[in-house]
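The values are calculated or read from the model by the stated rules, or taken from the named source; none is laboratory data. If you're wondering where the values come from, they're calculated on a predicted model, not measured in any experiment. Note: ideal-geometry Cβ built from the backbone for every residue, glycine included; neighbour counts use all protein chains shown. When the accessible area is computed, the model is the full protein with side chains, heavy atoms only, and any ligands, DNA or RNA have been set aside. Shrake-Rupley method; radii C 1.70, N 1.55, O 1.52, S 1.80 Å.
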Amino acid sequence: MLNKTINFMRWRKPFYAIALLFSLFSIGSLAVKQLNFGLEFTGGALVELNYSEPVELESIRQTLHGAGWGDAIVQNFGSTSDVIIRLASEDPELGNQIARLIQREDAEQDVTIKRVEFIGPQVGEELRDQGGLGMLLALAGIMLYVALRFQLKFAVAGLVALLHDAIFTLGLLSFFGVPFDLTVLAALLAAVGYSLNDTIVVFDRIRENLRLMRTSDLTHVINVSTTQTLARTLATSVSTILVLMSLLMVGGESLQGFAITLIIGVVIGTYSSIYVANGLLINLKLTREDLIPKQLEEVDDRP
């Protein structure tokens, strides 16, 4: 625990402006560039192959490029001898054509076709809609949970912070063209959960200190509470990012989107827990009276 209280809320308004600018930038990127939806959401062919020996992915890419399929995504899957090929298309036979081409061109190795799948555009659209609905339901459930555990003003502040995190993360993914597939969607939900957990820890300390520090105003209580939880916040964030950086560097292409999304989510979630969620409590004019349960009026049943 730090002995000196850091005046976080002193810079609340400038950081509000930064958060607003980032949010507008993200919304603009989503509107102009949109998300780079992966095969699961757009539909197309998926081919999984197993080689008898480790294979260079670049040679497979060159083979596909020569056949006119230069947009195909080629990745290792589990090991250097297992390969997954993805290509957006509306042709149900494309997967079989790719598999036959690879078997014919790589005659030096034994190539086993493990699976060939085709995801139609209708299925991809349904997955996209269900993913968005799942995100909205998760946010609604979070707001209900925080409202029941704390108070409605805490719930509003926490929900706005989570929306800020989700919009900013999606905006960066859109701007840099990171493929948005089911693993990235899972990472986005995990990032929201991480940010919520961080926010809840600070909220819990604020609620506790509001009851203990009766002569202090809300701004001072928030500064004290955030300072008290700062060591825990930084330790969790740094350790999580170190793990994610390792995953990004050695996890292969199939996990890059997952790791990038979570790294962005952890960084922006830590920022929003301190400045967005806490700052909104001041704007919402949280008071000690808000934390006092309303007593039910006794009904006099006497005649």
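Could you calculate the contour length gain from LEU182 to LEU212, that is, 0.36 nm times the residue separation minus the distance between their Cα atoms, to one decimal place in nm? Show your work: numbers first, answer last.
Working: separation 30, 0.36 × 30 = 10.80 nm, distance 4.53 nm.
Extending this stretch completely gives an extra 6.3 nm.
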Taking the Cα atoms only, what angle lies between the long axis of helix 12-32 and the longest principal axis of the chain, rounded to 10 degrees? 30
At 7 Å along the Cα-to-beta-carbon direction for both GLU108 and THR236, put a label point, then send me their distance in nm to one decimal. 5.2
Relative to the longest principal axis of the chain, what angle (0 to 90°, nearest 10) does the C-alpha long axis of helix 121-149 take? 20
The chain: relative contact order as a whole-number percent, Cα under 8 Å and 6+ apart: 26
Out of all DSSP beta bridges with both ends in the chain, state the antiparallel percent to the nearest 5. 90
Can you tell me the orientation of helix 218-250 relative to the chain, as the angle in degrees between its alpha-carbon axis and the longest Cα principal axis, to the nearest 10? 10
Surface accessible to a 1.4 Å probe, SER237 within the full protein complex, Å²: 10
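Using a probe radius of 1.4 Å on heavy atoms only, what accessible surface per residue do you get for the chain? Whole Å² is fine.
Numbers: 16550 Å² over 303 residues.
That works out to 55 Å² per residue.
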The alpha-carbon center of the range 179-199 and that of the range 204-274 are separated, in whole Å, by 14
Choice from GLU93, GLU40, GLU253 with maximal GNM fluctuation in the chain (Cα, 10 Å cutoff): GLU93
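Give me the number: length gained by fully extending ASN76 to LEU163, i.e. 0.36 nm times residue separation minus the C-alpha to C-alpha distance, one decimal in nm. Before the final figure, lay out each step's value.
Numbers: separation 87, 0.36 × 87 = 31.32 nm, distance 3.39 nm.
Once the chain is fully extended between ASN76 and LEU163, it gains 27.9 nm.
Trypsin sites (Lys or Arg not before Pro), restricted to the range 181-265: which are DSSP loop and have at most 16 other Cβ atoms within 10 Å? Walk me through the numbers before you get to the answer.
Working: sites: ARG205, ARG207, ARG211, ARG214, ARG232; in loops: ARG214.
Hits after loop and neighbour filter: ARG214.
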Please state the shape class of the range 1-160: rounded when a/c is under 1.5, otherwise prolate if a/b exceeds b/c and oblate if not, all from the C-alpha gyration tensor. prolate
Quick check: at a probe of 1.4 Å, how many percent of the accessible area of the chain sits on carbon and sulfur atoms? 60
Using a 10 angstrom cutoff on alpha carbons, build the Gaussian network for the chain and name the most mobile of LEU182, LEU218, LEU242. LEU242
